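Colleague: Take this structure first; my questions come after.
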Amino acid sequence: MAMPAAEIEALIKAAFPDAQVTIEDLAGDGDHYAATVVSEAFRGRSRVQQHQLVYAALQGRMGGELHALALQTSVPPTPVQGASA
């Protein structure tokens, strides 16, 4: 059973409302995705912890409805002091 990219994005955004999420269907089959997630929630956490948080947000669908997810996580860049926007 395939899982739509929009559902993956919705689950991640529900757990991380500030997140910038990009989902790419790698094989066109709805089972193999790449996700990039940028969230302040990841600040101060190891890469493994960041990935664990995203997998938890998927509520047990990893390995079932969602067969494979290549995951990249990061924190947003820190604004430079004194810089004007």
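The values are calculated or read from the model by the stated rules, or taken from the named source; none is laboratory data. Keep in mind the model is a prediction, meaning the values are calculated, not measured. In this analysis, Cβ positions are derived from the backbone assuming ideal geometry, glycine residues included, and neighbour counts consider all displayed protein chains. Accessible surface areas use protein heavy atoms only, side chains included; no ligands, DNA or RNA. Shrake-Rupley method; radii C 1.70, N 1.55, O 1.52, S 1.80 Å.
Colleague: Can you name the condition, by its number, that Gly63 falls short on among (1) in contact with a Gly (Cβ under 8 Å, 6 or more places away or on another chain); (2) at positive phi?
Modeller: Condition not satisfied by Gly63: (1).
Colleague: Going residue by residue through region 62-70, is there one that turns out to be open to solvent by 70 Å² or more (accessible area, probe 1.4 Å) and either aliphatic (A, V, I, L, M) or touching a residue at least 12 places away in the same chain (Cβ under 8 Å) (or both)? Before the answer, list the steps.
Modeller: Applying the first criterion (open to solvent by 70 Å² or more (accessible area, probe 1.4 Å)) to region 62-70 yields 67.
This time we only want the ones that are either aliphatic (A, V, I, L, M) or touching a residue at least 12 places away in the same chain (Cβ under 8 Å) (or both), so: 67.
Looking through region 62-70, at least one residue is open to solvent by 70 Å² or more (accessible area, probe 1.4 Å) and either aliphatic (A, V, I, L, M) or touching a residue at least 12 places away in the same chain (Cβ under 8 Å) (or both).
Colleague: Next up: Looking only at region 15-59, which residues are among the hydrophobic types (A, V, I, L, M, F, W, C), at pLDDT 95 or above and open to solvent by 80 Å² or more (accessible area, probe 1.4 Å)?
Modeller: Val48 - this is the single residue of region 15-59 that is among the hydrophobic types (A, V, I, L, M, F, W, C), at pLDDT 95 or above and open to solvent by 80 Å² or more (accessible area, probe 1.4 Å).
Colleague: Another question about this same structure. Those residues that are more than 11 Å from the chain's Cα centre (by Cα) and closer than 24 Å to Pro79 by Cα, I need them from region 1-41; list them, please.
Modeller: Listed by number, the residues that qualify are Pro17, Asp18, Glu40, Ala41.
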